[in-house]
1. If the limit is 31 Å between Cα atoms, which of LYS68/LYS238; LYS12/LYS34; LYS34/LYS238 go over it?
2. Among ASP182, ASP98, ASP155, rank each residue by its count of other Cβ atoms within 10 Å, from fewest to most, as a rough exposure measure.
3. With the Cα gyration tensor of the range 46-162 in hand, convert its eigenvalues to equivalent ellipsoid semi-axes via √(5λ) and list them largest first in whole Å.
4. Among 228-234, 56-62, 103-109, what's the highest-first ranking by average C-beta atoms within 10 angstrom per residue?
5. Report the semi-axes of the equivalent ellipsoid for the range 33-294 in whole Å, largest first, where each axis is √(5λ) for an eigenvalue λ of the Cα gyration tensor.
6. Between ARG11 and LEU119, what length in nm is gained on full extension when 0.36 nm per residue of separation is reduced by their alpha carbon distance?
7. Compute the signed sum of charges (Lys and Arg +1, Asp and Glu -1) over the other residues within less than 14 Å, Cβ to Cβ, of PRO152.
8. Of the candidates PHE121, PHE206, PHE193, which one comes out as most mobile in a Gaussian network treatment of the chain with C-alpha springs shorter than 10 Å?
Amino acid sequence: MYFILNSMENRKLRWVYLIVLSLIWGSSFILMKKALLGLSPIQVGALRIIITAIFLMLIGFKRLLKIKKRHWYYLTLNGFVGTFFPSFLFAYAIEKIDSSIASILNSLTPLNTLIFGALLFGFGFRKRQLIGVLIGLVGTILLILKGAEVNPNQDYFYASFILLSSVGYALNVNILKKYLHDLDALSITVGNFFLLIVPTLIVLWFTDFFQTFETNDQSLNGLLYLTILAVIGTGVAKIMFNRLIQISNPIFSSSVTYLIPIVAISWGIFDGEKVTLMQFSSGFIILFGVYLVNRSK
């Protein structure tokens, strides 16, 4: 009886997490864009990790004691593919292309979750889901080509950075579900960022951040936006997302990425970004592909 009630509660809770995460992460793109007005992409990526790590150490340092030796390998892998590399890739991409377009491309994460789940983690898929993957890829190609036509001043090579990040997120979801399911969400998140502190400081050191960083109005505003992004958009959201994965499944969890564009595009339009009807249509093609992948039998 308890198991049934708990299962019902989790089904309701996962939708709450999905909606809240879409609001948080949908707003993260515009926060990153504003932070880049005063900071370089390498600074945005690195400081985002450092600020998040400080926040998590303050609220959950003791959780490190709960992590067993067998967890550390997967936490390291999980942290680099799901946080470290995407933090820098997104910062460089959003400097070159509109944040709203980046959010649409990021919605390919559920498709990549399916593909890599099948190829590397032994999860099967149906013919309908493969068709959904191919439709999603068609939408992505159309979105990139139309974006390059409408905004010739933007470098759509950097769209590949978003696609690489979505692969990292997909691997992250599958690793967490398969190998870290017995570790609570806060411990996973604290462990991830604890492992990333030293590599991130090394990045800052070798990019001369400590010698060249200048304190002015632009950089301070950038730090303010970045702090909000790091604490809410990364720290709190990562804890929620890790918990969502534990109470649902990889495909459902990664489906948050096709709600994110609704929020991100709204912010982008409010900030003066141009989104054409063709780009909207391409976005809907991607979402239709994701729908086919996730649709119940």
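1. Distance filter (> 31 Å) returns LYS12/LYS34.
2. Lowest count first: ASP182, ASP155, ASP98.
3. Calculated on Cα positions only, the semi-axes equal 32, 23, 9 Å.
4. 103-109, 228-234, 56-62
5. 28, 26, 14
6. The span from ARG11 to LEU119 would gain 36.1 nm if fully extended.
7. Residues close to PRO152 contribute a combined charge of 0.
8. Taking springs between Cα atoms under 10 Å, the residue moving most is PHE206.
Any read-out appearing in this document is the output of simple, stated calculations on the displayed coordinates, not a laboratory observation. Keep in mind that this is a model prediction, so the values were computed, not measured. Backbone-built Cβ (ideal geometry, glycine too); neighbour counts: all protein chains shown.
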